[in-house]
Amino acid sequence: MSKNFKSFILLGIIILTLGIIAACGSDENDESEDAGSEDVGKAIEYTLTGIEPGAGITSLAGDALEDYPNLDGYTLNESSTAAMLTSLEDAINNEEPIVITGWTPHFKFAKYDLKFLEDPKGSFGEAENINTITRLGLEEDMPEAYTVLDRFYWEVEDMESVMLMTQEEDMSFEDAASKWIEDNQDRVSEWTEGVEEVDGVEIELVSTPWDTERSSTAVVSEVLTSIGYTVKDTPVDPVVMFQAVAENDADASVAPWLPETHGSFYEKYEEDVVDLGPNLEGAKLGLVVPTYMEIDSIEDLKAKE
Ligand code: PBE
């Protein structure tokens, strides 16, 4: 066989092989593109990974299941925030699809690459705030505490920095709050300026168990303690929090998420609490997925067949 002929055959084989590889490759691509949104529902077994049954976001996710016809037949797996975070981490480690009920501020957005799914029907609301509420009569009974609570206002980044200290430096919320106060003396002194000290008066705060509220309540508790209050803080379910303030079992809370998350509880007790407005603006909640998932909107979740 001539050398040229051998080269010719070899070239032929190479071209053929490349052709086959290219064909296989493009087939695979086509399939995975389809799988991108078509199989997400199936792959997650038509289940959204939720958190505690008593959370406001759990009832909003329930609304979303009603609002979106494509979510007909999907279920919300209610468990706990810790269980949701474990499932999220497992899914991310295996690059598997997962849809969680998620919110920010929360460290999961710093730790993982996540995105909110667009919510064209607005089931999860739009701009969400965290408000301060007090019981009726607190202004007359404890004017010093009322003034501090009324002035308490901070930014998303402030709350995040407290939460991050507890995560990354393994600090307690109390220690992280003290550190934040130490680093933000000017801000804190604006809240306490001109407020007279009290002598051990007891004040009862009520809050919820999530990191956001552990952070804010720890900061406010420490500031109230610094002007002489003896502060008691009880974390409870959101509905119980509103009830406690409305029924004078607690003096105040810096934990209500409004207008949407705890809106239905707020409406129930609105007449019996004093709403001091937002202590933080720019919270958000919705359905959240890892960025490697191709879907962008709740409407991209394919209906169960
Ligand atoms: N959260 C965090 C709570 C409030 C704070 C959004 C999980 C909820 O849904 O009630």
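The values are calculated or read from the model by the stated rules, or taken from the named source; none is laboratory data. No experiment lies behind these values; they were computed from the predicted model shown. With ideal geometry, Cβ positions are generated from the backbone for all residues, glycine too; neighbour counts draw on all protein chains shown. Note: areas computed on protein heavy atoms with side chains; ligands, DNA, RNA excluded. Shrake-Rupley method; radii C 1.70, N 1.55, O 1.52, S 1.80 Å.
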Practice task
Give the range 161-178 a look and list any residue that's within 26 Å of Lys284 (Cβ to Cβ), at pLDDT 95 or above and either part of a loop (DSSP other than H, G, I, E, B) or charged (D, E, K, R) (or both), or say none.
Solution key: Met171
Practice task
Considering every residue within the range 217-231, establish whether at least one is in contact (Cβ under 8 Å) with a residue 12 or more places away in the chain, closer than 29 Å to Asp113 by Cα, open to solvent by 10 Å² or more (accessible area, probe 1.4 Å) and out of contact with any Lys or Arg (no Cβ under 7 Å at 6 or more places or on another chain).
Solution key: yes
Handout entry: Matching residues, the range 267-303, being within 16 Å of the ligand (Cβ to nearest atom), open to solvent by 40 Å² or more (accessible area, probe 1.4 Å) and not in a strand (DSSP E or B)
Key = Glu267, Lys268
Problem - Criterion (within 15 Å of the ligand (Cβ to nearest atom), within 20 Å of the chain's Cα centre (by Cα) and surrounded by 19 or more Cβ atoms within 10 Å (Cβ to Cβ)) met by exactly one of Ile130, Ile98 - result: Ile130
Problem - Check on Val254, open to solvent by 20 Å² or more (accessible area, probe 1.4 Å), out of contact with any Cys (no Cβ under 7 Å at 6 or more places or on another chain), under 28 Å from Asp63 (Cα atoms) and within 16 Å of the ligand (Cβ to nearest atom) - result: no
Practice task
Tell me the helices (runs of 4 or more DSSP H) entirely within the range 83-159 that contain at least 3 residues that are assigned by TED's automatic domain parsing to the domain that holds Thr212.
Solution key: 138-141, 143-151
Handout entry: Residues within the range 188-233 that are among the β-branched types (Val, Ile, Thr) and within 16 Å of the ligand (Cβ to nearest atom), tallied
Key = 6
